[in-house]
Amino acid sequence: MVQRPIYLDCHATTPVDPRVLEAMLPFFSDHFGNPASLTHVYGWEAEAAIGRSRETIAAAINASPEEIVFTSGATEANNLAIKGIAEACFSRGRHIITVQTEHSAVLDPCRYLESLGFEVTYLPVRPDGLLDLETLEKAYRDDTVLVSVMAANNEIGVLQPLAEIGAQCRDRQVFFHSDAAQAIGKIPLDVQAMQIDLLSLTAHKVYGPKGTGALYVRRRPRVPLAAQLHGGGHERGLRSGTLYSPQIVGFAKAVELGLAELGAESDRLIDLRQRLWQGLQPLGGLHLNGHATQRLPGNLNLSIDGVDGQALLLGLRSLVALSSGSACSTASTAPSPVLTALGRTDALAYASLRFGLGRFTTAAEIDAVVAGVIATVEALRQGA
Ligand SMILES: *Cc1c(COP(=O)(O)O)cnc(C)c1O
């Protein structure tokens, strides 16, 4: 078998942890019942498992189980949050505030709402990728109904100041949504302490299955939300469709493991990231993208002087699986809008590498990647 490249693209997705897979398996065959079938044991088994999963996920963010709405992932959760608030608050106000470095699953619903007559402010970020709280302070209007700011950025890993944003929003009685697709199970999240009203989650960035996630919707004070999928009235009418029991059980197991191992795993990843960053220093001309410490433990994003980005990725392709920018915008050939929002030139934005280290990354892999990146960059710089 041809050796496959080392996987350092954990912001795009992660493998399912074997312990997660084991928890999921019985729900494909033995316990296959429809959780909405309340007349027999097949349904009860599935419903009970979903109830336990709901409790686990709620507890992980300091919410209560009735506040969790299962969805197909963070894209759907973001759509439900943003369009759902816009529709429900239509008569109260039509202004939304978000940030230029958000994921397309936040930006695109916002652009869609603009096409319907809503107004959206896309705030810039500081050169370190963080939202400036005073900039946000000035953006509120009387008709602002929602602020949407992500927890952890999918390209540069920076962690936005959620508690401070939450406090501002609560003062002004504006709803606060956060996309926590990259954050759940990796950094502590607390919807009470952070005063978050809506929180989008997904399983597949935290060693759970693809195609499942959730939206937290605050009940006290109640957050009004218009459903975007209508049908059997599942999830208290907010998201119809038969719940996908194996996926939901796996999602809960993944979150549980992430939290149980969070402290030790963060330390391990920070050490590995430091090994990677230090190892590459002999190259010179490296620019760290994003705040040095206020970022996800497994994220390193850097730009390299004097190389062509396309040639660099091509040269590294057989050694290491990584990306420049987000997996969700790779169809476009424009430089990463996140890096240009930090003020990077097009050349530096193109010549960027996003390393996503994860649970299964080893020190030996980091050493191999360091050697490979150094050799490739040196060859490119010499025009070889
Ligand atoms: C991956 C990701 C999404 C999309 O999540 P899916 O579950 O794949 O729909 C949304 N936002 C961020 C920040 C992400 O990293």
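Some notes on this structure:
- Residue count for region 6-36, restricted to those that are more than 16 Å from the ligand (Cβ to nearest atom) and either in a loop (DSSP other than H, G, I, E, B) or of a type in the set (D, E, K, R) (or both): 12
- For beta carbons closer than 7 Å, sequence separation of 6+ or different chains, a first residue in region 103-118 that is over 18 Å from L339 (Cα atoms) and a second that is among the polar types (S, T, N, Q) and part of a helix (DSSP H, G or I), the qualifying pairs are P109/N78; P109/N79.
- Failed item in (1) within 20 Å of I96 (Cβ to Cβ); (2) within 22 Å of the chain's Cα centre (by Cα); (3) more than 16 Å from the ligand (Cβ to nearest atom); (4) touching a residue at least 60 places away in the same chain (Cβ under 8 Å), with N153 passing the rest: (3)
- Applying the set (1) farther than 15 Å from A60 by Cα; (2) away from the ligand (no atom under 12 Å from the Cβ); (3) in contact (Cβ under 8 Å) with a residue 60 or more places away in the chain; (4) buried (at least 23 other Cβ atoms within 10 Å of the Cβ) to V217 leaves exactly one unmet item: (1).
- Applying the criterion of being within 12 Å of the ligand (Cβ to nearest atom) and outside any helix (DSSP H, G or I) to the residues of region 96-113, the residue that is farthest from P127 (Cα to Cα) is H103.
- Exclusive hit being modelled with pLDDT of 95 or more, more than 16 Å from the ligand (Cβ to nearest atom) and closer than 28 Å to E261 by Cβ, set D143, D171, D179, D190: D190
- Residue in region 40-52 that is over 27 Å from I196 (Cβ atoms), surrounded by fewer than 14 Cβ atoms within 10 Å (Cβ to Cβ) and not aliphatic (A, V, I, L, M) present: yes
- Wholly within region 270-384, strands (runs of 3 or more DSSP E) carrying at least 3 residues that are of a type in the set (A, V, I, L, M): 299-304
- Counted residues, region 56-66 - those being within 21 Å of the chain's Cα centre (by Cα) and farther than 11 Å from V255 by Cβ: 2
- Residue check for I57: over 23 Å from S245 (Cα atoms), within 16 Å of the ligand (Cβ to nearest atom) and part of a helix (DSSP H, G or I): no
- Candidate set: region 71-95, residues that are assigned to a loop (DSSP other than H, G, I, E, B) and within 12 Å of the ligand (Cβ to nearest atom); chosen: the one nearest to R236 (Cα to Cα): S72
The values are calculated or read from the model by the stated rules, or taken from the named source; none is laboratory data. Bear in mind that the values here come from a model prediction, so they are computed numbers and not experimental data. Neighbour counts run over all protein chains shown; Cβ positions are idealised from the backbone, glycine included.
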